[in-house]
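Enquirer: This structure is in structure tokens; I'll ask about it shortly.
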Amino acid sequence: MNKARSIEVLLFDVNETLLDITTLEPFFQRVFNHPLVLRNWFAELVLYSQTMTIAGLYEPFANLAVGTLKMVAANHRLSITEEDVNQFKTLLTSLPPHPDVVPGLKRLQAAGFRLATLTNSPPSPSPTLLEKAGISHFFEQHFSVDSVRAFKPHPSTYAYAAKELNVELEQICLVACHLWDTIGAQAAGCAGAFITRPNNNILSAENVPQPDFIAQNLKQLADKLADL
């Protein structure tokens, strides 16, 4: 069976998949004297969000983002000032889209796919992160894991989106540049499309589900799905 033909909804991860977190690098260069500490911080943020879910606990992603920033600073024997925190929060709420996002979304929309988002970030008042990025209008609905108080890749997050979209999980393809997200979505019953953004690669090991689709960017993914 052609996997793409059974897909009705493309459900997009937001942070790093659609929005470019590398714009935070100057902040990490200033505070930590190395831009790639960004990757250390983001990995810790994902680790502790998933830990909270496994432990049956919940704290909004934005609060964990600041908490892990302070933790990484302490690991480097640095102090984070209130001014640093405020600047960090401002930057986090003003992330731009990757250059391939708008043309990719236009192509996927024209191909007839329904588009929605599912993010670990909590809901925010207008203008939202995606409104500021100028891409909110491409999506029919925006979902936050805050509604189920569990972070991706917990199966309840994908099931929640499917229920709200009134489709079966098999009709959803989760689009993300994080393999842990596509693994979770596929385990829940969705298809998975993996975008190989920088610092995000395939994990080849026995019993690790491989994505149904792999693309370097959204334009390439759109070409693959639209032509099937």
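Enquirer: To make sure I understand the rule: partners must be lysines, Cα under 18 Å from the Cα of Lys152, and not fewer than 8 residues away in the same chain. Which ones qualify?
Expert: Lys163
Enquirer: Sticking with this structure for a sec: How large is the translational diffusion coefficient of segment 38-102 in µm² per second when you combine the Kirkwood radius over alpha carbon pairs with Stokes-Einstein at 37 °C and 0.692 mPa s? Kindly include the intermediate steps, with their values, before the conclusion.
Expert: Numbers: Rh = 13.1 Å.
Diffusion coefficient, whole number: 250 µm²/s.
Enquirer: Using the reciprocal of the averaged 1/r over all distinct C-alpha pairs, how large is the Kirkwood radius of segment 1-78 in Å?
Expert: Numbers: mean 1/r = 0.0686 Å⁻¹.
Averaging 1/r across every pair of different Cα atoms and inverting gives 14.6 Å.
Enquirer: Taking 0.36 nm per intervening residue step and subtracting the Cα-Cα distance, what contour gain separates Ser147 from Ala62 on full extension?
Expert: Values: separation 85, 0.36 × 85 = 30.60 nm, distance 1.47 nm.
Residue separation times 0.36 nm, minus the Cα-Cα distance, leaves 29.1 nm.
Enquirer: Probe radius 1.4 Å, ligands and nucleic acids ignored: give me the carbon and sulfur share of the accessible area of segment 91-171 as a rounded percent. Show your work: numbers first, answer last.
Expert: Details: 2070 of 3850 Å².
Summing carbon and sulfur atoms, their accessible area is 54 percent of the total for segment 91-171.
Enquirer: Now for a separate question. At q = 0.20 Å⁻¹, work out log10 I(q)/I(0) for segment 88-228 with the Debye formula, treating every Cα as an identical point scatterer and leaving solvent out; two decimals please.
Expert: The computed values of log10 I(q)/I(0) come out as -1.46.
Enquirer: Oh, and also: With 22 Å as the cut-off, how large is the P(r) tail for segment 89-163, expressed as percent of Cα-Cα pairs?
Expert: Numbers: 849 of 2775 pairs.
Cα-Cα pairs in segment 89-163 separated by more than 22 Å: 31 percent.
Enquirer: Tell me the mean residue ellipticity at 222 nm calculated for the chain from its helices only (DSSP H runs of n ≥ 4, each -39500 (n - 2.57), averaged over every residue, nearest 500). Could you put the intermediate results ahead of the total?
Expert: On the way: 9 runs with 96 residues, N = 228.
About -12500 deg cm²/dmol.
Enquirer: Once amide H atoms are built 1.01 Å from N in the peptide plane, which residues 5 or more positions from Phe143, or in another chain, come under 5 Å H to H?
Expert: Under 5 Å from the amide H of Phe143: Thr117, Leu118, Thr119.
Enquirer: Express in nm, to one decimal, how much length is gained between Asn33 and Thr51 on full extension, taking 0.36 nm for each residue of separation and deducting their alpha carbon distance.
Expert: Working: separation 18, 0.36 × 18 = 6.48 nm, distance 2.86 nm.
Full-extension gain reported as 3.6 nm.
Enquirer: Per residue, how many Å² of accessible area does segment 1-135 show with a 1.4 Å probe? Write out the running numbers ahead of the final one.
Expert: Values: 6520 Å² over 135 residues.
Here the residues of segment 1-135 average 48 Å² of exposed surface.
Enquirer: So, for segment 146-217, what is the accessible surface per residue at a probe of 1.4 Å, expressed in square angstrom? Show your work: numbers first, answer last.
Expert: On the way: 3220 Å² over 72 residues.
Each residue of segment 146-217 exposes 45 Å² on average to a 1.4 Å probe.
Enquirer: A further question on this structure: Take Met71 and Ala187, extend 7 Å from each Cα along the Cα→Cβ direction, and tell me the distance between the two endpoints in nm.
Expert: Rounded to a tenth, the inter-label distance reads 2.0 nm.
The values are calculated or read from the model by the stated rules, or taken from the named source; none is laboratory data. Since we're looking at a predicted model, the values are computed, not measured. Don't worry about glycine lacking a Cβ; one is built from the backbone with ideal geometry, like all the others, and counts go over all protein chains shown. Protein only, heavy atoms only, side chains kept; ligands, DNA and RNA dropped before computing areas. Shrake-Rupley method; radii C 1.70, N 1.55, O 1.52, S 1.80 Å.
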